[in-house]
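The values are calculated or read from the model by the stated rules, or taken from the named source; none is laboratory data. These numbers were taken from a predicted model, which means no experiment stands behind them. No Cβ is skipped: glycine too gets one built from the backbone with ideal geometry, and neighbour counts run over all protein chains shown. Each accessible area value is taken on the protein alone, full model and side chains, heavy atoms only, with ligands, DNA and RNA left out. Shrake-Rupley method; radii C 1.70, N 1.55, O 1.52, S 1.80 Å.
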Amino acid sequence: MIEAHELTKRYGDKTAVHTLSFTIAPGTVTGFLGPNGAGKSTTMRLIMGLDRPTSGTVLVNGKPYGQHRSPLREVGALLDAKAVHPGRSARSHLRTMAATHHIKASRVSEVIEMTGLAGAATKRVGGFSLGMSQRLGIAAALLGDPRTLILDEPVNGLDPEGVQWVRQLVRDLAAEGRTVFLSSHLMSEMSQTADQLLVIGRGHIIATGSVQQVIDSVASGAVRVRSPRADELAAALTADGVTITSPDASMLEVSGTTAEHVGQVAFRNGLPLYELSPRGASSKRRTCS
Amino acid sequence: MSTLTDNPPMTAHATNPPAAAQVHPTFPGILRGEWIKVLSLRSTWWALASTAAVITLVALASAMSLSATTDDPALAQGIEQMHGAEVIAGGFHFGMLTIAVLGALLITGEYATGTIRSTFAAVPSRTPVLGAKALVLIVLTAAVTLVSATLSYLVTMLQLSQYDLVPALDDPGTWRVLGGTLYSLIAAALFSLGIATLLRSTAASVTVALTVLLLLPGTLSFIRLDWVETIVSYLPLPASSALLTTGAAETQGVYLSTQASLIVLAAYAVVPLAAAAITLHRRDA
Ligand SMILES: Nc1ncnc2c1ncn2[C@@H]1O[C@H](COP(=O)(O)OP(=O)(O)OP(=O)(O)O)[C@@H](O)[C@H]1O
Ligand SMILES: [Mg+2]
């Protein structure tokens, strides 16, 4: 269970995430969908207590991450597959983490086996492909047999077989009652992996719900808007029954309202529009591809 | 490389979870993690080997230049007051620099590669990680100092014996110089670790360490102003002088007393580390 309340993080004068509030439930796979720079990685670092929020709070399994007695048993995280010392072997990397928690060497071997790293475990990580690094990151996340998994773009760089394996793995983990939260910038990927979706654009949450709900709301009478200030427009449009997704930083797909309404809101807020087009159900295919 | 890109067989999700009872961070566990980290990197062995090599070679060089000293009548009487252990410790300030590089790498290596996030995810309280690194650094510095001193003793024996300067192992003066060398090297290493934790960059930290440890005392010593000389005497290298002599040479220059030296060097080690420990909590990893 992950509960964020009004989570805001600013880096200098750049606001990476803005008053995020959400709950990620256990027993299901929740996808975190958003374009590059939307704030997915930032949110995950905030959950892990690695970056300090500018304001707001986030709890994992009822407590701030850092206050758990056994952090690696609560949350396993893959934040950046390449963030391992290149001069160290995969096994050494896992052993350094295991040692802190007195996790047995047999568990290190086990996660190495599980992630298919057995052949490369003693090789220096510097020579790993992105796919191998992802496997190592997943091995590290599984090390403490955690109740909650946070995976930042875990299938990035994996071959089709690896992608299939990750999908099966996260489903199994969720079926065991664990919380699984994983990010991607591809709707097509999310629709095949996740049950629930949290869609983020420019630091704002723009849609939540089951994958089908999000797809349906986008498909039914969606309005496509392009604006250089899309995030402000998204914030201004947020209302009951309105779902907003953001395929890229300057574009919004708004559903549950009309093009006229979007135009009015933009005008009232002084926000320039470069495009405002009502879409039919055909947009479903585009969003999913 | 081909083995790395091959598709290894996929295994299903197995469950043999770690026993719940004892699985949480403790200081001994964190310390063990830091040992695995430091010993699994080649850069550690390079830094240690170059420290030993530099100290030994400079000791050998100063032992060999003793003959030049005796040829010069003005310096000849200086050798009378010299202690063999001082010759052996002659290369220590170069060792100070390589050991400072090791101290910096211990933490900047983690920031540069991003490993620091795995580290702090495993130990969210953060400070024990710094404590464990400091402890590892002290042990490594002590080990490399002992090895360097032994090597230096062996390689200079021939030269020193010509002047009857081979340090006696039952002479307290010998152990005083060795102890002073060890103390100063540990101070330099911890100073560098503290600075590096604050600065997070290898280049910046090594520059600061190089400047404070070696460059400043060298350049400022050309300025013959009382207050500048006072400042210089508090820099780590001059401050360590009192600890590296058997006492006879203490009269030359504005050197601190033994006690003052111990305190000043301890401050160099502790103050940056304490500042680092405090800011470590507040800053983003
Ligand atoms: N440490 C930082 N300092 C300054 N700005 C940052 C920092 N981290 C993130 N940002 C900014 O915050 C915004 C959100 O970045 P974040 O990495 O969280 O996005 P993301 O959704 O993970 O994107 P991607 O899909 O590219 O990984 C970006 O504009 C980024 O430039
Ligand atoms: Mg990211």
Let's test this: bin the Cα-Cα distances of segment A:220-278 at 5 Å from zero up to the farthest pair and state each bin's percent. 4, 22, 39, 27, 7, 0
Return the long-range amide H neighbours of A:G27 (sequence gap of 5 or more, or a different chain), with a cut-off of under 5 Å between placed amide H atoms. A:G177, A:R178, A:T179, A:V180
What is the ratio of the Cα radius of gyration of chain B to 2.2 N^0.38 Å, with N the residue count, to two decimals? 1.19
Kindly write out, for segment A:68-74 in residue order, the coupling ³J(HN,Hα) from the Karplus curve 6.51 cos²θ - 1.76 cosθ + 1.60 (θ = phi - 60°), rounded to whole Hz, with x marking Gly and Pro. 6, 5, 10, x, 5, 7, 7
Might you work out the accessible area of A:M1 for me, using a 1.4 Å probe with all protein chains in place, and round it to the nearest 10 Å²? 70 Å²
Out of every Cα pair in segment B:148-285, what percent are spaced more than 26 Å from each other? 36 percent
Net charge (Lys, Arg +1; Asp, Glu -1) of residues whose beta-carbon lies under 14 Å from that of A:V163, A:V163 excluded, is -1
Sorted by accessible area (1.4 Å probe), largest first, how do A:E260, B:E229 line up? A:E260, B:E229
The summed charge of the A:L50 Cβ neighbourhood (under 9 Å; Lys/Arg +1, Asp/Glu -1) stands at +1
For A:E275, what accessible surface area do you get with a 1.4 Å probe? Give it in Å², rounded to 10. 50 Å²
So if each residue of separation counts as 0.36 nm, and I subtract the Cα-Cα distance between A:D248 and A:E260, what length gain in nm does that give? 2.1 nm
Cα long-axis angle, helix A:130-142 against chain A (0 to 90 degrees, to the nearest 10): 80 degrees
Got a number for the accessible area of B:D226? Probe 1.4 Å, square angstrom, nearest 10. 120 Å²
Phi to ³J(HN,Hα) by Karplus 6.51 cos²θ - 1.76 cosθ + 1.60 over segment A:167-174, Hz, x for Gly, Pro: 4, 5, 4, 5, 5, 4, 5, 5
For A:G201, which sequence-distant residues (separation of 5 or more, or a different chain) have an amide H within less than 5 Å of its own amide H, given hydrogens modelled in the peptide plane? A:I206
To the nearest 500 deg cm²/dmol, what mean residue ellipticity at 222 nm is calculated for chain A from DSSP H runs of n ≥ 4 alone, each contributing -39,500 (n - 2.57), summed and divided by the residues? -10000 deg cm²/dmol
Where Lys and Arg each count +1 and Asp and Glu each count -1, what net charge lies around B:I30 among other residues with Cβ under 14 Å from its Cβ? +3
Along Cα→Cβ, 7 Å out, is where each label goes; now give me the distance between the ones at B:I263 and B:T150 in nm to one decimal. 3.7 nm
In what sequence, largest accessible area first, do A:T28, B:T202, B:T51 appear using a 1.4 Å probe? B:T202, A:T28, B:T51
Considering only protein heavy atoms, with the full assembly of protein chains and a 1.4 angstrom probe, order A:V29, B:V101 by accessible area, largest first. B:V101, A:V29
Cα-based reach from A:K63 at 25 Å (exclusive), listing lysines while leaving out same-chain residues under 8 positions away: A:K9, A:K40
How much of the accessible area of chain B, probe 1.4 Å, is carbon plus sulfur, in whole percent? 70 percent
In square angstrom to the nearest 100, the accessible surface buried at the A/B interface, both sides summed with a 1.4 Å probe, amounts to 4500 Å²
Spelling out what I want: for every residue of segment B:155-170, take phi, set θ = phi - 60°, compute 6.51 cos²θ - 1.76 cosθ + 1.60 (Karplus), and round to whole Hz; glycine and proline get x. 6, 9, 3, 4, 5, 5, 5, 5, 10, 6, 10, 4, x, 7, 6, 9
Kindly report the accessible area of chain B per residue (heavy atoms of protein chains, probe 1.4 Å, no ligands, DNA or RNA), in Å². 46 Å²
Set Lys and Arg Cβ to +1 and Asp and Glu Cβ to -1, take the dipole of the protein assembly as shown about its Cα centre, and tell me which of A:T30, B:T26, B:L146 lies farthest positive. A:T30
In Å, the Kirkwood hydrodynamic radius from C-alpha pairs for chain A sits at 19.8 Å
So for chain B, averaging the separation of alpha carbon pairs under 8 Å that are six or more residues apart and normalising by length, what relative contact order in percent results? 24 percent
Could you list which residues have their amide H under 5 Å from that of A:L151, counting only those 5 or more apart in sequence or on another chain, with H placed in the peptide plane? A:L78, A:F181, A:L182, A:S183
